[in-house]
1. When both residues are 6+ apart or on different chains and their Cβ atoms are under 9 Å apart, which pairs have a first residue that lies in the range 59-84 and is under 13 Å from Val323 (Cβ atoms), and a second that is loosely packed, with under 10 Cβ neighbours inside 10 Å?
2. Hey, can you tell me all the residues within the range 273-284 that are crowded, with 22+ Cβ neighbours inside 10 Å and aliphatic (A, V, I, L, M)?
3. Restricting attention to the range 204-240, report how many residues are open to solvent by 10 Å² or more (accessible area, probe 1.4 Å) and either within 30 Å of Val130 (Cα to Cα) or part of a strand (DSSP E or B) (or both).
4. Which of (1) modelled with pLDDT of 95 or more; (2) open to solvent by less than 50 Å² (accessible area, probe 1.4 Å) does Leu77 not meet, given it meets every other one?
5. Only one of Glu314, Glu287 is charged (D, E, K, R), open to solvent by 20 Å² or more (accessible area, probe 1.4 Å) and out of contact with any Lys or Arg (no Cβ under 9 Å at 6 or more places or on another chain); which?
6. Among the residues that make up the range 318-337, is at least one of them open to solvent by less than 50 Å² (accessible area, probe 1.4 Å), of a type in the set (D, E, K, R) and modelled with pLDDT of 95 or more?
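The values are calculated or read from the model by the stated rules, or taken from the named source; none is laboratory data. Keep in mind it's a predicted model, so treat the numbers as computed, not measured. Note that each Cβ is placed from the backbone with ideal geometry, even for glycine, and that neighbours are counted across all protein chains shown. These accessible areas exclude ligands, DNA and RNA; they are computed on the full protein's heavy atoms, side chains included. Shrake-Rupley method; radii C 1.70, N 1.55, O 1.52, S 1.80 Å.
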Amino acid sequence: MPYTSGFVIHPFAPLPEFQLPLAVHIVHLSFPNTSSAIAKTMDSVHEIAITGQNLPAKYIYTDSINPSQDPSIPLPLLEIPVIDFNRLATPSIGTGEELERLRSALSSYGCVMVTNHRVASSLMDRVRLVFKQFLALPMEERLKWQKEVDGFDGYGSDMIVTKDVAVVHDFTARLRLITWPEDRRQMKYWPEKPHDFREVLDEYSSKLRVLHDATLKAMARSLNLEDDSTFLKVIREGGTISSRFNFYPPCPTPDRVLGLKPHSDGTVITFVLQDREVEGLQVLKDEQWFRVPIVADGLVLNVGDQLEIMSNGEFKSPIHRVVLNPKKERISMATLSFPQEGKQIEPFEGLVSRERPRLYRQVKYSVVAQVGYYHSGMRLADVARI
């Protein structure tokens with residue numbers, strides 16, 4: 001069922017074969033393929049932040065995003081479980097204990113903070129730096145890597161898919177790039193400025209892929225699956241891994257504007273590299289919003305809807321959002337893994353039994369349908385629930 005988010009959500013009923021209806025329309029937010037002079041006239045998130053102009057109504061919610069919360073009292077901090085990757089990846093006496101901690105955390109929270117993940121702190125800082133340097137380029141330069149109107153890779157805002165409802169836009173600018181498999185990379189969208197952007201992203205994405213693969217194997221082992229590659233095969237069989245850089249400008253009315261609306265990820269799993277100083281990520285747990293803390297050199301791991309379905313609900317895909325800071329900008333970088341377009345996703349047989357019957361129908365992965373669920377306030381895992 002639809003989740004509580006603090007403002008009106010417009011759900012739509014489960015659809016046959018989980019495809020979007022013909023009534024759905026798509027609003028393209030990326031810059032048109034026109035001259036830079038025309039592009040400059042558009043009220044892009046980045047330019048609004050630079051010029052200080054008033055926010056257009058499309059970004060503003062009618063009601064407060066926290067209607068029952070005293071604005072003078074900060075939301076509580078999430079006691080997010082911390083997982084030591086070294087203990088998961090290195091056979092030792094403590095491995096079984098850490099696997100159980102992982103299983104328990106992903107069953108109750110749906111997210112964990114991963115530490116000792118073997119990604120150097122200096123590399124994480126370089127990722128943050130090259131994105132900030134990219135954002136500092138003149139618009140004419142940034143637009144050299146703008147996304148196509150119907151595309152997903154490149155610089156710009158995402159398309160909006162709705163079913164005859166008014167959708168409030170996210171106040172964020174993004175750069176999305178497929179990083180794996182390498183032959184699926186669309187290099188025309190990979191910025192060449194700053195000069196080391198491609199080199200840094202290539203190195204970071206390689207490290208994250210190792211972490212991603214090992215984590216999915218550990219998840220399978222935590223559920224006592226005979227083949228620890230059970231979840232990983234879904235990615236290896238035609239799936240992709242992408243990097244998504246996010247820029248969230250300061251906002252003078254953070255109680256009425258969101259960087260990302262409440263949602264669950266349509267991924268298998270997601271790793272989030274947070275801003276070093278500015279909070280913004282929040283998770284809904286037990287009908288209460290919690291702030292996700294910034295842990296030095298930690299990476300946030302979220303279960304995605306696809307994995308919730310494949311695990312037959314053993315792992316939960318958490319609802320989360322991004323709020324804005326009234327004075328400070330914030331950046332983040334997510335690493336996301338997706339099944340192949342059109343792949344049938346369903347609970348694995350080894351996780352279905354008389355004691356725990358099948359909880360989800362088979363669904364066909366569709367990126368456009370997933371975007372539709374996002375903007376309509378629905379979780380794919382709820383849509384697929386039996």
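1. Ser64/Pro71
2. Leu273, Leu281
3. Qualifying residue count for the region: 10.
4. Condition (2) is where Leu77 drops out.
5. Glu287
6. Yes, there is a match, as at least one residue in the range 318-337 is open to solvent by less than 50 Å² (accessible area, probe 1.4 Å), of a type in the set (D, E, K, R) and modelled with pLDDT of 95 or more.
Yes or no, residue by residue, for (1) buried (at least 16 other Cβ atoms within 10 Å of the Cβ); (2) among the aromatic types (Phe, Trp, Tyr); (3) modelled with pLDDT of 95 or more; (4) more than 21 Å from the chain's Cα centre (by Cα):
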{"position": "Ile93", "(1), (2), (3), (4)": "no, no, no, yes"}
{"position": "Ser104", "(1), (2), (3), (4)": "no, no, yes, yes"}
{"position": "Gly110", "(1), (2), (3), (4)": "yes, no, yes, no"}
{"position": "Val114", "(1), (2), (3), (4)": "yes, no, yes, no"}
{"position": "Asp125", "(1), (2), (3), (4)": "no, no, yes, no"}
{"position": "Val130", "(1), (2), (3), (4)": "yes, no, yes, no"}
{"position": "Glu140", "(1), (2), (3), (4)": "no, no, no, yes"}
{"position": "Gln146", "(1), (2), (3), (4)": "yes, no, no, no"}
{"position": "Phe152", "(1), (2), (3), (4)": "yes, yes, no, no"}
